[in-house]
1. Scan segment 173-182 and tell me whether some residue there is more than 22 Å from Leu116 (Cβ to Cβ), in contact (Cβ under 8 Å) with a residue 40 or more places away in the chain and touching a Lys or Arg at 6+ places or on another chain (Cβ under 7 Å).
2. Does Ala236 qualify as being assigned to a loop (DSSP other than H, G, I, E, B), among the aliphatic types (A, V, I, L, M), within 30 Å of Ser98 (Cβ to Cβ) and in the same structural domain as Phe131 (by TED's automatic domain parsing)?
3. When the residues of segment 30-70 are filtered to those that are small (Gly, Ala, Ser) and closer than 18 Å to Thr8 by Cα, which remaining residue is nearest to the chain's Cα centre (by Cα)?
4. Mind listing just one residue for me: the one in segment 63-90 that is of a type in the set (S, T, N, Q) and buried (at least 18 other Cβ atoms within 10 Å of the Cβ) and, of those, nearest to Ser180 (Cα to Cα)?
5. So which residues in segment 145-174 are among the small types (Gly, Ala, Ser), touching a strand residue (DSSP E or B) at 6+ places or on another chain (Cβ under 9 Å) and more than 14 Å from Ala206 (Cβ to Cβ), if there are any at all?
Amino acid sequence: MRLKIAHTTTYRYEPPATGIIQILRMTPGSHDGQYVADWRIDTSTDTRLDSHEDAFGNITHVLTHGALSDLTVTVEGLVETQDTGGVLRGTIERFPPSLFLRATPLTTADAAIAELARDLRRAAGDDTLGFLHALLGRLAAHMTFDTDPTHAGTSATDAFALGRGVCQDYAHIFIACARSAGVPARYVSGHFMRADGMTAQEAGHAWAEAFVDGLGWVGFDPANGICTTDAHVRVAIGLDYLGAAPVRGTRYGGGRESLEVAVHVDQAGRQSQS
């Protein structure tokens, strides 16, 4: 599948900020099942943009600028994808899977999550893949997709207790359960082409990858209850959202800050809805 993606992030500062530094993880890489045919980053002002790779191999851009009242960052491009049944091949792997057993404040398992993981693991026995699919099903039954009650800093334990959240929350809960059961898991940020034909989205997408002996890393999208397909474009990975967020940074000075995000994901050449 050939996917066309556009992701625009706009910041406004009132009064103007005296300076900003932003780290962008908005550029996908190529690997088996995903080929980046065209990609570019544009900014609304003449900013300095330095390209690097972070510790996980994510393509990053560091953006710095002096005083300004608003900033728009736009990324867009074409990515060719193939359905690999969720199995990941050809990616940069700089750390052993065991690193992704490490809990973070956003992915720590409390008693309720640990109990769920223990029950599902006991039922699956040595079948790690079966355990992970059972976890997908249980989260689909327990959680309701809702954009209101959670935010970027909501932990897996809080979202699980609420029974509500967005794709980021689903991914954090999935990761917390997997790690609690001894299965390495990590956070993935990227994009997803919806099956209903709606191309306009309020944000990017998030899912998880878990390590299965004999298969390697496998993508699981708990917000949609599926393994990753050719409708997913993988951009960045991390231990949790903070390590894979599309934009993170800081500003100096200024007062109130507002943020607007607009994302469009569609199959190239297809007449879309919005």
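The values are calculated or read from the model by the stated rules, or taken from the named source; none is laboratory data. Computed from a predicted model, the values in this text were never measured in an experiment. Backbone-built Cβ (ideal geometry, glycine too); neighbour counts: all protein chains shown.
1. no
2. So Ala236 does not fit the description; no.
3. Ser44
4. Thr84
5. Gly163
Each row is one residue, and each column tells you yes or no for (1) assigned to a loop (DSSP other than H, G, I, E, B); (2) closer than 16 Å to Pro28 by Cβ; (3) without any contact (Cβ under 8 Å) to a residue 40 or more places away in the chain; (4) not charged (D, E, K, R).
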{"site": "Asp230", "(1), (2), (3), (4)": "yes, yes, no, no"}
{"site": "Arg248", "(1), (2), (3), (4)": "no, no, no, no"}
{"site": "Glu257", "(1), (2), (3), (4)": "no, no, no, no"}
{"site": "Ala262", "(1), (2), (3), (4)": "no, no, no, yes"}
